[in-house]
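As structure tokens, the structure follows; a few thoughts come after it.
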Amino acid sequence: MPELPEVEVVRRGLAPHVDGRVITRVDVHEPRSLRRQIGGPEAFVQAVTGARVARLERRGKFLWWRLQDERGDELGEALMTHLGMSGQMRVRGGAAEAEADAGTVALSAPAPRGEGPASDPHRHRRIVLHLDDGAQVDFVDQRIFGGLWTSALEQDADGLPATPDSIDDLLPADVVGIGRDLLDPAQDREAVIAVMRARRAPIKALLLDQSLVSGIGNIYADEGLWAARTRFDAPGESLTRGRARRVLDGAEAVMHRALDVGGTSFDDLYVNVDGRSGYFARSLAAYGRAGEPCPRCGTIIRRSVLQQRSCFYCPNCQRKA
DNA sequence: TATCTCCTGCCT
DNA sequence: AGGCAGGAGATA
């Protein structure tokens, strides 16, 4: 579900709650959410309990917590989070929330609508991280495609800051093969364009290839292609340099606009750390709009399928070349 | 480069 | 009952 803008909203929302805090306890309600952890759930709990959070970093859809020991020395390991299709990080309690609540009129707890498991707010809570100020971070994930695990830090190949927020070039091993994203000033966009133009695959498949450019998912791929008036099935090798550049620039611009309004939420499967939805769904031009008129030319938006994923596009103003 | 798989839940 | 859903790793 969440693509780069949604993950970045989570990173920014989470940071003030966890920066400098110590993880005091971990509750594992769903071991499958830790399946990427080498050594299993016990190893995960062992690795993060007692660690201090130095900083949150993100590349594409990967978000990780840089960890220190209690003296403030680097542990050489990061707590990885990937939200998959339905993951959320939710913060409850703690100092930062108490401060925010001080200026808020106390609301009576909203009564769950109806009865039964569907109204249980804890239904999909998989992992709980307790912090030393009493706060807790819930990893909520309906479909369990996402997860938490630890990954050792390595030097990034190009020696540049590993992410836009990094103060060094250390990167978790599991992110080394992930391309820099469109919001990273260190991304070599011309190099990405050159690779895309050398491939026969449809442009949308290239956009979704996280090793080339990361952070783009099904929504922002379709929106970037709409912005660049380019069809999803245009082969990479058919694109001019300028068209390829416009596709990437288009995706970047859409992501910036989404970030400004808190990301894209269709339902409560995507919310920020405090449970609020993003507002970008209203601004989508093509994604999910089959049967509706194209906002640019009025032609009816069509739905097609590529690699088992829906593609929404305007058959008139999006062209193959 | 497809296709299958991991999951749960909602909508026709 | 069947299709669909913001992702991506494994496999042939």
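The values are calculated or read from the model by the stated rules, or taken from the named source; none is laboratory data. Predicted model, so just to flag it, every value in this text is computed and none were measured. Note: ideal-geometry Cβ built from the backbone for every residue, glycine included; neighbour counts use all protein chains shown.
Values for this structure:
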read-out	value
Residues located in the range A:141-184, provided they are within 26 Å of A:R246 (Cα to Cα) and either within 12 Å of DNA strand C (Cβ to nearest atom) or not assigned by TED's automatic domain parsing to the domain that holds A:E74 (or both)	A:G177, A:I178, A:G179, A:R180, A:D181, A:L182, A:L183, A:D184
Residue within the range A:32-43 that is modelled with pLDDT of 95 or more, closer than 14 Å to A:V137 by Cβ, within 16 Å of DNA strand B (Cβ to nearest atom) and crowded, with 17+ Cβ neighbours inside 10 Å present	yes
Scope the range A:263-298; condition more than 14 Å from DNA strand C (Cβ to nearest atom) and within 19 Å of the chain's Cα centre (by Cα); matching residues	A:V273, A:D274, A:G275, A:R276
Some residue of the range A:245-256 being surrounded by fewer than 20 Cβ atoms within 10 Å (Cβ to Cβ) and not in a helix (DSSP H, G or I)	no
Residue match in the range A:257-266 (condition: surrounded by 21 or more Cβ atoms within 10 Å (Cβ to Cβ), modelled with pLDDT of 95 or more, more than 12 Å from DNA strand B (Cβ to nearest atom) and within 24 Å of A:V140 (Cα to Cα))	yes
Filter result for the condition that a residue is out of contact with any Phe, Trp or Tyr (no Cβ under 6 Å at 6 or more places or on another chain), of a type in the set (K, R) and free of Cβ contacts under 8 Å to residues at least 24 places away in the same chain, over A:R32, A:R12, A:R52	A:R12
Top-ranked residue of the range A:69-89 - restricted to ones that are more than 16 Å from DNA strand C (Cβ to nearest atom) and in a strand (DSSP E or B), ranked as surrounded by the most Cβ atoms within 10 Å (Cβ to Cβ)	A:L79
Scan of the range A:155-168 for residues that are surrounded by 16 or more Cβ atoms within 10 Å (Cβ to Cβ) and small (G, A, S), ordered by number	A:A162, A:S166
Single residue of A:L239, A:L207, A:L171, A:L183 found to be over 18 Å from the mean Cα position of the chain (by Cα), surrounded by 16 or more Cβ atoms within 10 Å (Cβ to Cβ) and not acidic (D, E)	A:L239
Residue, farthest from A:K204 (Cα to Cα), within the range A:269-321, restricted to residues that are within 16 Å of DNA strand B (Cβ to nearest atom) and polar (S, T, N, Q)	A:S277
Among the candidates A:R21, A:R66, A:R12, residue that is under 13 Å from the mean Cα position of the chain (by Cα) and either surrounded by fewer than 23 Cβ atoms within 10 Å (Cβ to Cβ) or not assigned by TED's automatic domain parsing to the domain that holds A:D260 (or both)	A:R12
Cross-chain or 6+ apart pairs with Cβ under 9 Å, the range A:286-308 first and farther than 17 Å from A:I219 by Cβ, then in a loop (DSSP other than H, G, I, E, B) and within 16 Å of DNA strand B (Cβ to nearest atom)	A:I300/A:A290; A:I300/A:G291; A:I300/A:E292
